[in-house]
Every structure is written in C-alpha cells, then in structure tokens.
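Following: one structure in structure tokens, then a few remarks.
The values are calculated or read from the model by the stated rules, or taken from the named source; none is laboratory data. Because the structure is a prediction, the values reported are computed rather than measured. Cβ atoms come from the backbone with ideal geometry, glycine included; neighbour counts cover every protein chain shown. Keep in mind that these areas ignore ligands, DNA and RNA; they rest on the heavy atoms of the full protein, side chains included. Shrake-Rupley method; radii C 1.70, N 1.55, O 1.52, S 1.80 Å.
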Amino acid sequence: STKINFSIPKNEYVSLRVYDILGREVKVLVNGSLTVGEYEVNFDASGLASGMYYYSLRAGEFVNVKKMVLVK
C-alpha cells in the first residue's frame, strides 16, 4: 500500500481514481465533496498485479494525472 497526498484550495467535488496501463479503472479512492484542506488517502494495491498504473485527481476544473509503478 502507499499514500497519496493532495490538497484542495476550496470546497469541491473531488474524484481520485486509479487506472491500469490500458485505461481501465481499477480503484476509486475518493468520489465526493470535500472541504478545503490537505488529505492523505491510503491506496491498498494488494489485489493488483505488478506494473504501471495511473491515478487521476479531479477537483472542479482541475485535473492532474500521474503515473506510478507497482512492484511486489
């Protein structure tokens, strides 16, 4: 497992999702309205295979996609 940290500057609907290399959604970590602040979300990848994954953070009009490598 790993932790994903993020902060939001105003109250927003936030979506944090993890996708495999083919673009299939494998986990939804956050899906709802959050208040201003800093957040830490635990990502438990115990049921996933080793490989490359992407996570997408959407908050209002802000979108950020980052890649991560899962090694078991």
If you put +1 on each Lys and Arg Cβ and -1 on each Asp and Glu Cβ, how big is the dipole of the chain around its Cα centre, in Debye rounded to 20? 200 debye
When you count, for each residue, the other Cβ atoms within 10 Å and take the mean per peptide, how do 20-29, 49-58 rank with the highest first? 49-58, 20-29
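Counting alpha carbon pairs within less than 8 Å and at least 6 residues apart, what relative contact order, in whole percent, applies to the chain? Please report the intermediate quantities before stating the final value.
Working: 148 pairs, mean separation 25.4, N = 72.
Relative CO of the chain lands at 35 percent.
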In the chain the accessible area split gives carbon plus sulfur, as whole percent at 1.4 Å, a share of 50 percent
Which is farthest toward the positive dipole end of the chain among Ala45, Ser15, Leu57, measuring Cα position about the Cα centre, with Cβ charges +1 (Lys, Arg) and -1 (Asp, Glu)? Ala45
Listed by chain and number, the lysines with an alpha carbon less than 20 angstrom from that of Lys72, same-chain partners under 8 positions apart left out, are Lys3, Lys27
With the calculation restricted to Cα positions, what are the radius of gyration and Dmax of the chain in angstrom? 12.4, 37
